[in-house]
Amino acid sequence: MNKKNIIIPVSYSIFFFMIYILTSKEISVTELILRLSFGTFSNYKGRLGEAIFQYFLIVFAHIIFGSTLFKNFCNATAYFYVRTVNLKRWFLGEALTLLIDIIKFYFINLFALIGLCLFSGKIHKFEFSDILFILYFIALYSMFTFITCIILNIISIYADSGIAFMVVEGLNTIFMGFYLITGDIFTTEYLMDHSYIFKLNPICHLIIHIHKSNLSIMNKYLTYPLSQTSLSTSFIFLLLCTIFILIAGCFMIDKMDLIGDKMEGE
Amino acid sequence: MVISLKNVSKNIKRKKVLDNISAEFESGIIYGLVGRNGSGKTMLLRAISGLIQIDEGEILLDGETSNSRKNKTMDLGIMIENMGLYPELNAYDNLNYLTGLNKKVSKETINKYIEMVGLDSKDKRPFRKYSLGMKQRLVFAQAIFENPSIILLDEPTNSLDENGVNTIRNIIMKLKSKDRIIIITSHNKEDINILTDKIYTISDGRLEK
């Protein structure tokens, strides 16, 4: 595993610990995850800066993983292709490696943070709900990052890596801003009838504390008023998006003229 | 074995990079492709290997269409100028990954070819940390280590020191056989004179013998 894939999530954990945990007397793993998943603030206007800081964990993942397929496509893919007709197979293999690396990234991030809390004596007890929240955190963040990284890589292959980063980070910032601007709506009964506003905003699926759960041991920590979307709904939504992006990626890569215009030297 | 190009054309961004090319390449002969930068040499190798889809004409291997992605029949090794291997993998892992697609070659053979081109098969450094010359040697090894019957080499001696040039030239001479087609592009006149039996000149996408 590349050193930066360890150093970056661990560094983020240290910064997060110093800013958001150090002053707490005691914290549980569940509370830690709720804070780590955009939970240090409520959805009020003017909190974009804080949201951006927490979004930086995903940006770091994008920097590390957002061009790996693109680089391999520009380099070794020609040598892969002359050995097999199946570029879909190449894409799926690369995507699987990417997904595993992203899961490792969030595991390292989360366990570094838990380690810091244990080391500083801030965690005193563990509950079964902690495991469930850990699994949901890893699953939701890994799938979201995987989807955005695949989009980054495909746009890079078809257009340019600079354009890819502008499009993906720009859209995510807009979604984040939309969540913050409309935040007050989510605390009223308006949400009861218009939960699609929440469900269609991909960033909202990452904000664990505004969800609900069918399990009472989790639900007691999810106290957001009038929340209509369960964690399992967000899991299924992101899982469907992951499957869709994999299928779309397979077809788009297969149609690509290998070593086309922008890589053309002679 | 014969590769036949019949009226092959390819446009990129409205520019004709291959213009109505017809030629035959027979086994047992080493062909040289010469021409100035941007003349279409590399593009022709890419078209033969099926890496790009041609717009007009056809490419036949022993009379059968071979340039369709869905109808791949060629046993082919290629090296392309300025195109590296997987940056995070070392020499052995790169070749092992590529051969794993068809499970053609043993571990011993991979190591033999890495050593043959003058690299250390036990070197664990990733490809991105190699010097230009080492990268060139490994990409060359990649093109030949599965013993393909068609070998396409784009500037095989670029970035190499004198020792490296001699190593690569000797290997190419040994690869010449009656069952194999080898096509080389080079700016190096010495390479072309020493290695090739027939020379094609390519200019503005058009081929002249």
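Compute the acute angle (0 to 90°) between the alpha-carbon long axis of helix B:162-175 and the principal axis of greatest extent of the alpha-carbon atoms of chain B; round to the nearest 10°.
With rounding to tens, the tilt is 60 degrees.
How much length is gained on full extension from B:Ser159 to B:Leu132, taking 0.36 nm per residue of separation minus their Cα-Cα distance? Could the numbers behind the result be given before it?
Details: separation 27, 0.36 × 27 = 9.72 nm, distance 0.61 nm.
So the extension gain works out to 9.1 nm.
How tilted is helix B:107-116 with respect to the longest principal axis of chain B? Cα atoms for both, answer in degrees (0 to 90, nearest 10).
So the inclination is approximately 80 degrees.
Quick one: which residues, 5+ away or cross-chain, put their amide H under 5 Å from the amide H of B:Glu81? H built at 1.01 Å from N.
B:Asp154
Round to the nearest 0.05 the FRET efficiency obtained for A:Thr233 and A:Ser24 when R0 = 30 Å and r is the Cβ-Cβ distance.
On the way: r = 30 Å, r/R0 = 1.00.
Once the sixth-power term is evaluated, E becomes 0.50.
Using alpha carbons only, how many degrees (0 to 90, rounded to 10) separate the axis of helix A:87-119 from the longest principal axis of chain A?
Approximately 30 degrees, to the nearest ten.
Ratio of Rg to Rh for chain A, alpha carbon only, Kirkwood?
Details: Rg = 19.8 Å, Rh = 19.8 Å.
Radius of gyration relative to Kirkwood radius: 1.00.
Counting only DSSP beta bridges with both residues in chain B, what percent are antiparallel, rounded to the nearest 5? Before the final figure, lay out each step's value.
Values: 18 of 35 bridges.
Roughly 50 percent of the beta bridges in chain B run antiparallel, per DSSP.
Restricted to Cα positions, what overall size does region A:25-169 have along the principal axes? Three whole-Å values, descending.
Principal-axis extents of region A:25-169 (Cα, largest first): 60, 35, 21 Å.
Given a 10 angstrom Cα cut-off, can you work out which residue in B:Thr42, B:Thr109, B:Thr157 is the most mobile in a GNM of chain B?
Ranking B:Thr42, B:Thr109, B:Thr157 by mean-square fluctuation puts B:Thr109 first.
In terms of the ratio Rg/(2.2 N^0.38 Å) built on C-alpha atoms, what value belongs to the protein assembly as shown?
Values: Rg = 27.5 Å, N = 475, 2.2 N^0.38 = 22.9 Å.
Normalised Cα radius of gyration, the protein assembly as shown: 1.20.
A:Arg35: accessible area at probe 1.4 Å, nearest 10 Å²?
Estimated to the nearest 10 Å², A:Arg35 gives 70 Å².
When you have a sec, figure out the Kirkwood radius of region A:61-122 from all distinct Cα pair distances and drop it here in Å to one decimal?
Working: mean 1/r = 0.0723 Å⁻¹.
The answer is 13.8 Å.
Mind listing P(r) for chain B? All alpha-carbon pairs, 10 Å bins, whole percents.
For chain B, the pair-distance distribution reads 8, 35, 36, 19, 2.
Using a Gaussian network for chain A with springs between C-alpha atoms less than 10 Å apart, which of these wobbles most: A:Leu118, A:Leu36, A:Leu140?
In the Gaussian network model the winner is A:Leu118.
So if R0 is 56 Å, what FRET efficiency would B:Glu88 and A:Ile181 give, r being the distance between their Cβ atoms, rounded to the nearest 0.05? Walk me through the intermediate numbers first.
On the way: r = 41 Å, r/R0 = 0.74.
Using R0 = 56 Å, I get an efficiency of 0.85.
Placing +1 on the Cβ of each Lys and Arg and -1 on the Cβ of each Asp and Glu in the protein assembly as shown, which of B:Thr201, B:Ala91, B:Gly40 has its Cα farthest towards the positive end of the resulting dipole?
B:Ala91
Is the C-alpha gyration tensor of region B:82-130 telling us rounded, prolate or oblate? Criteria: a/c under 1.5 is rounded; beyond that, a/b larger than b/c is prolate, otherwise oblate.
Values: a/c = 1.85, a/b = 1.22, b/c = 1.52.
Oblate, since a/c reaches 1.5 and b/c is not below a/b.
Return the carbon/sulfur percentage of the accessible area of the protein assembly as shown, one whole number, probe 1.4 Å, all protein chains in place. It would help to have the intermediate numbers written out before the result.
Values: 12120 of 20770 Å².
Summing carbon and sulfur atoms, their accessible area is 58 percent of the total for the protein assembly as shown.
Given the options A:Val59, A:Val29, A:Val82, state which has the largest fluctuation in a GNM of chain A using a 10 Å cut-off (strictly under) for Cα springs.
Of the options given, A:Val82 has the highest mean-square fluctuation.
Just to verify a number: what accessible area does B:Met173 come out at with the full protein assembly present, 1.4 Å probe, Å² rounded to tens?
90 Å²
The values are calculated or read from the model by the stated rules, or taken from the named source; none is laboratory data. Note that this is a predicted model, so its numbers are computed, not measured. Positions of Cβ are backbone-derived with ideal geometry, glycine not excepted, and every protein chain shown enters the neighbour counts. Side chains are part of the model used for accessible areas, which takes the heavy atoms of the whole protein and leaves out ligands, DNA and RNA. Shrake-Rupley method; radii C 1.70, N 1.55, O 1.52, S 1.80 Å.
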